[in-house]
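One structure is given below, encoded as structure tokens.
A short reminder: the numbers here are calculations on the coordinates, not readings from a lab. This structure is a prediction, so every number in the text was calculated from the model and none was measured. Cβ placement follows ideal geometry from the backbone for every residue including glycine, while neighbour counts extend to all protein chains displayed.
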């Protein structure tokens, strides 16, 4: 294995261990020692990639949005729906995603860690996709892409944490489906309402079709 | 002042101080000493009312739902909308509400503190109101009261935390208004859509009309 490839794998191992510990402990209670033990790497290797706990947390936060990668769809609203379901599935299967989401939604924002970035990145991504959807004639004229994007991002943040608190995220896919059944009639042109798929098992079906379940994006 | 009345006021002073500290520090970093200093009460008085940090956190959590008290409305959907706007206003003005919400949404759930209770209490309250709305013919037949109630509770939790992270909750009333503009068409019978008021300043107007701004429920 080339040195560079090894470095990339080590960095990933550390990030995954850090994500798991941040998920379990939260930012404040997490220590570098816990991450070292979980990742089974040397202190030197960790500090080579991440000079501080803050930089480790920021890297975990910055890994979040790529986990919403989904196959492109002709209907851009369907693709947005797919992002939420696939990301929901990855929350179940991937501790790095869970740690990243915990750092985003927990209130403590230590100096040097910007936990607002995933909110902004998700919103910008969805705004762009909604504009694409508009160009394709998928949206009702009343839709303001930024308002709708922020509602989906904020609403998703809340339903996933309520699902975690009440059922350990067992009912997350159902809650995502309920979210879409409530907001789609205010967003999509009527002709699309029967065509889009927002059933609870949407995310599992996409991941199965990609044979990607459990993989990184 | 009668002894009982004094005890009730002392308990309230402690709860308000604890709410403020939990809001600023989160559960883990909060100490009884911080609460004592903020409340300016004796250790004996605090332990008389709250034998532990856990019992203090639970009491702060259990104070949350009464802050959603609003004047009754002939239209029950309007009353539900009012709850979200008034609670949003109280989040801005009241540190006890903010501390209670932080304890609810932060992931850490220490042994002995049940942070799921506000989610369940809010949901049960909204389910009951939606059933009342249904009896009055306000709801579309497709509405499942529990799904809708959980979406409103979870969605609200998320949009308030995104608003806090991005704008210090400055745009919370706007975000609540956006939530309703997206979900009302899927919930209310068409004839109600023009009659209900979900403008961003709804909460401020209700509180002003009650001359209750800043008061406890």
Expressed in nm², what is the orientationally averaged projection area of the convex hull enclosing the Cα positions of the stretch B:65-213? 8.8
For residue B:135, place a label point 7 Å from Cα along the Cα-to-Cβ direction in every copy; what are the distances to the other copies, in nm, shortest first? 5.3
7 Å from Cα along Cα→Cβ at both residue A:193 and residue B:189: what's the point-to-point distance in nm? 1.7
Averaged across the residues of B:177-186, what count of C-beta atoms belonging to other chains lies within 10 Å of each residue's C-beta? 6
Rounded to whole angstrom, the alpha-carbon centroid of the stretch B:147-206 lies from that of the stretch B:7-27 at a distance of 28
Under the definition of Cα pairs under 8 Å and six or more residues apart, what whole-number percent is the relative contact order of the stretch B:2-57? 40
Along Cα-to-Cβ, 7 Å out, sits the label point; list in nm, shortest first, how far the one on residue B:32 is from those in the other copies. 3.5
Residues A:102, B:12, sorted so that the one with the fewest Cβ neighbours within 10 Å comes first: B:12, A:102
Show me the ranking of peptides B:114-123, A:145-154 by mean Cβ neighbours inside 10 Å, starting with the highest. A:145-154, B:114-123
In whole angstrom, the spacing between the Cα centers of the stretch A:87-123 and the stretch A:34-75 equals 11
Sorted by Cβ neighbour density within 10 Å, fewest at the top, the residues A:40, B:124: A:40, B:124
Kirkwood Rh over alpha-carbon pairs of the protein assembly as shown plugged into Stokes-Einstein at 25 °C, 0.890 mPa s gives a D in µm²/s of 107
Ignore the peptide's own chain and count Cβ atoms of other chains within 10 Å of each Cβ in A:163-171; give me the average, rounded. 3
Chain B Cβ-axis minimum, rotational copy A, residue and distance in Å: B:158, 1
Shortest-first nm distances, residue A:8 label point to equivalent points in other copies (7 Å, Cα→Cβ): 6.8
Using helices alone, what [θ] at 222 nm do you get for chain A, with -39,500 (n - 2.57) per DSSP H run of 4 or more residues, divided over all residues and rounded to the nearest 500? -22500 deg cm²/dmol
When you look at the Cβ of every residue in A:144-157, what mean number of other chain Cβ atoms sits within 10 Å? 6
